[in-house]
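Asks: This is the structure, below, for whatever I ask next.
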Amino acid sequence: MSEVYSNKLFEFSNFFADNSERTGNIKIIQIGETCLDKGASIEEHIQMCHEITLVISGTGTVTADCEKNKCRVGDIQVISKGIKYNIISDETSSLRYIHFAFDFEDGAPAKLSEFFGQCKNVLIHDDGNIRWMLNLLVEEYADSSEFADIMKSSLVHAVLILIWRRVNAQAEVSPVFISENPIGSTVYNIIKYIDNNIESKLTVNEIAKKFSYSKEYISRL
């Protein structure tokens, strides 16, 4: 897994070239965090394993088999092995991101292995949960403490499953009722909607329209 950086501000990375790091049938190839200077890039290369990239700060462009995607804070790029790939930070901002490279041994677990093997160029936006877990995973590899193996295994599986769920969701998740009180469930669902669209600068009118209430009622809630 050879990557050439131009004007890299910093990098923390664990690289397991000998396939020594495993959790179940998942082989961990690399996990870490990188910050590229303004206009810096990673040389185009063929992915030797699957990789998840989460943008922490800044903006840039990710190219997968000549298809370009602009990326911003909270974006997650999923690339399958065999894809020609590179990443470039914008001229106006440095680009800081978490990178997690992995593969599956014997194609197991089958559903996850098949999914990540078909992610030719998948871009999703995180609602906060995946970033939180990836940050924890990087910290576990940076400073392993007691029960680190259990933590790493749990976080790896949680990250992969959450991404699988986000991409494969066929319908909206049913509303979660926190009590028998319908007002309570409405408040909960509005809070979750705001959380998931925190960068959109929502207005009361937009929220009212989304939930089919008047803006006065939403304001009171």
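The values are calculated or read from the model by the stated rules, or taken from the named source; none is laboratory data. It should be emphasised that the depicted structure is a prediction, and the values quoted were computed from it without experimental measurement. Here the Cβ is made from the backbone with ideal geometry for all residues, glycine too, and neighbour counts use every protein chain on show. What goes into the accessible areas is simple: the full protein's heavy atoms, side chains included, and nothing from ligands, DNA or RNA. Shrake-Rupley method; radii C 1.70, N 1.55, O 1.52, S 1.80 Å.
Asks: In debye, nearest 20: dipole of the stretch 1-119 around its Cα centre with unit charges on the Cβ of K, R (+) and D, E (-)?
Replies: Approximately 260 debye in magnitude.
Asks: Explain nothing, just the number: dipole magnitude of the chain about its Cα centre with +1 on each Lys and Arg Cβ and -1 on each Asp and Glu Cβ, in debye rounded to the nearest 20.
Replies: I would put it at about 900 debye.
Asks: Can you work out the Karplus-derived ³J(HN,Hα) for every residue in the stretch 103-118? Use 6.51 cos²θ - 1.76 cosθ + 1.60 with θ = phi - 60°, whole Hz, and x for glycine or proline.
Replies: So the Karplus estimates, Gly and Pro as x, are 8, 10, 8, 6, x, 10, x, 4, 5, 5, 4, 5, 4, 5, x, 10 Hz.
Asks: Helix-only estimate, please: 222 nm mean residue ellipticity of the chain, summing -39500 (n - 2.57) across DSSP H runs of length 4 or more and dividing by its residues, to the nearest 500.
Replies: Calculated mean residue ellipticity at 222 nm is -10000 deg cm²/dmol.
Asks: Another question, then. Farthest toward the dipole's positive end in the chain, which of S94, I194, S20, given Cβ charges of +1 (Lys, Arg) and -1 (Asp, Glu) about the Cα centre?
Replies: So the residue furthest toward the plus end is I194.
Asks: Of all the stretches in the chain, which is the longest one without any exposed loop site, taking GluC sites (Glu not before Pro) in a DSSP loop (any state but H, G, I, E, B) with at most 12 other Cβ atoms within 10 Å?
Replies: It runs 1-90.
Asks: Taking K215 as the anchor, which aspartates and glutamates have their alpha carbon closer than 15 Å to its alpha carbon, excluding any fewer than eight residues away along the same chain?
Replies: E206
Asks: May I pose another question? Please go through the residue pairs K152/K192; K38/K210; K152/K209; K81/K201 and name each one whose alpha carbons sit more than 30 Å apart in this structure.
Replies: Beyond 30 Å: K38/K210; K152/K209; K81/K201.
Asks: Which of these values of Cα extents along the principal axes in Å was calculated from the structure shown: (1) 58, 49, 33; (2) 75, 53, 31; (3) 59, 41, 34?
Replies: (3)
Asks: Same structure again: Among G39, A108, V204, whose Cα sits farthest toward the positive end of the charge dipole of the chain (+1 at Cβ of Lys/Arg, -1 at Cβ of Asp/Glu, about the Cα centre)?
Replies: Farthest towards the positive end: V204.
Asks: Using θ = phi - 60° and the Karplus form 6.51 cos²θ - 1.76 cosθ + 1.60, what ³J(HN,Hα) does each residue of the stretch 140-156 get, whole Hz, x for Gly and Pro?
Replies: 5, 7, 6, 8, 4, 10, 4, 6, 4, 4, 5, 4, 4, 4, 4, 5, 4
Asks: Applying 1/(1 + (r/R0)^6) with R0 = 35 Å to the Cβ-Cβ distance of S144 and I46, what FRET efficiency is obtained, to the nearest 0.05?
Replies: Calculated value: 0.65.
Asks: Probe radius 1.4 Å, ligands and nucleic acids ignored: give me the carbon and sulfur share of the accessible area of the stretch 1-151 as a rounded percent.
Replies: 48 percent
Asks: Still on this model: Report the relative contact order of the chain, percent, no decimals, based on alpha-carbon pairs under 8 angstrom and at least 6 residues apart.
Replies: 17 percent
Asks: Can you work out the Karplus-derived ³J(HN,Hα) for every residue in the stretch 158-168? Use 6.51 cos²θ - 1.76 cosθ + 1.60 with θ = phi - 60°, whole Hz, and x for glycine or proline.
Replies: 5, 4, 5, 5, 4, 5, 4, 5, 4, 6, 9
Asks: Then there is this: Say a site is exposed when it is one of the chymotrypsin sites (Phe, Trp or Tyr not before Pro), sits in a DSSP loop, and has at most 14 other Cβ atoms within 10 Å; what is then the longest site-free stretch of the chain?
Replies: Counting at most 14 other Cβ atoms within 10 Å as exposed, the longest clean stretch of the chain is 1-146.
Asks: For the chain, take the longest principal axis of its alpha carbons; what is the angle in degrees between that and the long axis of helix 182-196, to the nearest 10 within 0 to 90?
Replies: Around 30 degrees separate the two axes.
Asks: For the stretch 62-106 and the stretch 118-148, what is the centre-to-centre distance using only Cα atoms, to the nearest Å?
Replies: Centre-to-centre distance over Cα atoms comes out at 14 Å.
Asks: Sequence-distant or interchain residues sharing an amide H contact under 5 Å with I83, placed H: which?
Replies: Result for I83 returns Q47.
Asks: How many nm is it between the label spots at H157 and N25, if each spot is 7 Å from the Cα in line with the beta carbon?
Replies: The answer from the label model is 1.3 nm.
Asks: Here is a further query. If amide hydrogens are placed 1.01 Å from N in the peptide plane, which non-local residues have theirs closer than 5 Å to the one on C71?
Replies: G60, T61, V62
Asks: Residues of the stretch 40-112: accessible area per residue at 1.4 Å, in Å²?
Replies: Dividing the accessible area of the stretch 40-112 by its residue count gives 39 Å².
Asks: Compute, for R166, the solvent-accessible surface of its heavy atoms (probe 1.4 Å) with the complete set of protein chains present, and express it in square angstrom to the nearest 10.
Replies: Counting only protein heavy atoms, the figure is 100 Å².
Asks: Which residues' amide hydrogens lie under 5 Å from the amide hydrogen of D126, considering only partners 5 or more residues apart or on another chain, with H built in the peptide plane?
Replies: D75, I76
Asks: Okay, next question. Could you size up the charge dipole of the stretch 108-152 around its Cα centre, putting +1 on the beta carbon of Lys and Arg and -1 on that of Asp and Glu, and report it in debye to the nearest 20?
Replies: 340 debye
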